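Here is the structure we will look at, set down as structure tokens.
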Amino acid sequence: MKRLVSLILLLTGVLPLSAKPARESMEELTSRVFALAESQYAAIDAALPEGTFPKSVSKDAVTTEEATAWTAGFYPGSLWYIYLYGKDGRIRSLAEKYTRAMEPATRSHISHDLGFQFNCSYGNALRITGDPGWQPVLLEAARLLAGRFNPVTGVTRSWNFSPKGKTWLFPVIIDNMMNLELLTEAARLTGDDSFRDIAVSHARTTIRNHFREDGTCFHVVDYDPETGSVRWRGTHQGYADGSAWARGQGWALYGYTMMYEKTGEAAFLAQAETVARMLLERLPGDGIPYWDFDAPEIPDEHRDASAAAVMCSAFVRLASLTSDRKLSRQCSAMAEKQIRTLASPLYLACVGENAGFLLYHSVGNLPKKSQVDVPLPYADYYFLEALLRWNKIL
Ligand code: GLY
């Protein structure tokens, strides 16, 4: 009888914790991930040819790219985050080295990605060390980004190209919301409100033109630069023009959460809340989205850990900004679920694996069959940021 009672208590979870393995606390999980990151990210450095940055992995080896690539700033950015957590001097030296190596990209920029490139590298360097020596390059990048603004469209131009078969005149992608943080930083540092005004104009115009009734957003909106009218809406990296490309929804959630935090404009918070409610409704049980919410073969489609990481970092921040208590709890619960899934053996590498990256299973551009089910530097970056935010270190 006693054994039967014990069994019932064990199964119902009432028995003392000692009878079951204890659940890893979020502090323990964070410390485990950052210990891994320290060793993996030092190993990446050892494998990189001088002047290059990690792009992904092929045949068990790190692949590389130049400072001009849109993702180059994430490696120094992650090194700054790893330094912020562990205060290891060797990691700081690497962060400094790879941040400085980004500087040539100010002379050959070809898109809006200056925010990703320079806010993650120089921006974190400045915020984490407080050393004003990092400021001039950051501000130069902000000036270049501001130069892509057109007062007629009210937005900054994303790309200078049109893909085969299309004639875009002034394409703006939802990803560009992320680059606005560089402009808000420039306004804060210089006191020049024109940077902030451009960011606000871009975010307001994007609410009007990128979003659908159901809270999802288009990837690309092409504007007429002479009249400001919308010429075309569709996708470049998603499944279909009308689908919800997962990382794009992540950029939207993060972008509006960040813009509310930087400006206090209520419409930006409302937009972030709308996107969050849509995501909470549509994310799978483990919190990791398929690469496109409308991909036709779900559940036999690829997951995208990078989209999960972006959303996760934004959910943590939105949970502390929204005054809707229920939504705040839901955002926190989703972020914890995403963190625990990403930190599980399903997604997280072991020491010495994955050519130094942390996370497996991201998708870069599936329609182009490029970077499908691979590690990507921005997946690691936003995952580390989510952990720092969760632990209130950031
Ligand atoms: N910013 C490009 C991408 O998210 O793939």
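The values are calculated or read from the model by the stated rules, or taken from the named source; none is laboratory data. Note that this is a predicted model, so its numbers are computed, not measured. Here the Cβ positions follow ideal geometry from the backbone for every residue, glycine too, while neighbour counts run over all protein chains shown.
Residues that are part of a loop (DSSP other than H, G, I, E, B) and either in contact (Cβ under 8 Å) with a residue 60 or more places away in the chain or surrounded by 19 or more Cβ atoms within 10 Å (Cβ to Cβ) (or both) within the range 369-394 comprise PRO375, LEU376, ASN391, ILE393, LEU394, listed in sequence order. Would you mind finding the one in ILE298, ILE288 that is touching a Lys or Arg at 6+ places or on another chain (Cβ under 6 Å) and either aliphatic (A, V, I, L, M) or buried (at least 18 other Cβ atoms within 10 Å of the Cβ) (or both)? Unique residue meeting the criteria: ILE288.
Residues of the range 102-117 that are closer than 19 Å to ASN176 by Cα and assigned to a loop (DSSP other than H, G, I, E, B): SER108, HIS109, ILE110, SER111, HIS112, ASP113.
What single numbered condition from (1) in contact (Cβ under 8 Å) with a residue 60 or more places away in the chain; (2) within 16 Å of the ligand (Cβ to nearest atom); (3) among the small types (Gly, Ala, Ser) fails to hold for GLY73? Condition (1) is where GLY73 drops out. Being of a type in the set (A, V, I, L, M) and part of a loop (DSSP other than H, G, I, E, B): is that true of ALA240 here? Yes: the conditions hold for ALA240.
Just to be sure before I move on: is ARG247 within 14 Å of the ligand (Cβ to nearest atom), modelled with pLDDT of 95 or more and charged (D, E, K, R) in the structure I sent? So ARG247 passes the test. ILE198 meets the stated requirement of being crowded, with 24+ Cβ neighbours inside 10 Å, part of a helix (DSSP H, G or I) and away from the ligand (no atom under 15 Å from the Cβ). Hey, does the range 20-38 have a residue that's on the phi > 0 side of the Ramachandran plot and modelled with pLDDT under 95? No; the residues of the range 20-38 include none that is on the phi > 0 side of the Ramachandran plot and modelled with pLDDT under 95. Flag: VAL137 matches the condition of being at pLDDT 95 or above and in contact with a helix residue (DSSP H, G or I) (Cβ under 9 Å, 6 or more places away or on another chain). Taking the conditions exactly as written (among the charged types (D, E, K, R), part of a loop (DSSP other than H, G, I, E, B) and either away from the ligand (no atom under 16 Å from the Cβ) or touching a residue at least 24 places away in the same chain (Cβ under 8 Å) (or both)), does GLU297 satisfy them or not? Yes; evaluated as a whole, the condition is true for this residue.
The residue of the range 38-53 that is farthest from ALA379 (Cα to Cα), among those that are more than 16 Å from the ligand (Cβ to nearest atom) and in contact with a strand residue (DSSP E or B) (Cβ under 7 Å, 6 or more places away or on another chain), is PRO49.
Against the list (1) closer than 18 Å to ASP380 by Cα; (2) assigned to a helix (DSSP H, G or I); (3) in contact with a Ser or Thr (Cβ under 7 Å, 6 or more places away or on another chain); (4) within 16 Å of the ligand (Cβ to nearest atom), the condition CYS120 fails is (3).
Contact map, the range 249-265: residues that are in contact (Cβ under 8 Å) with a residue 12 or more places away in the chain paired with residues that are of a type in the set (Phe, Trp, Tyr), Cβ distance under 6 Å, separation 6+ or inter-chain. Pairs shown: TYR256/PHE268; MET259/PHE268; TYR260/PHE268.
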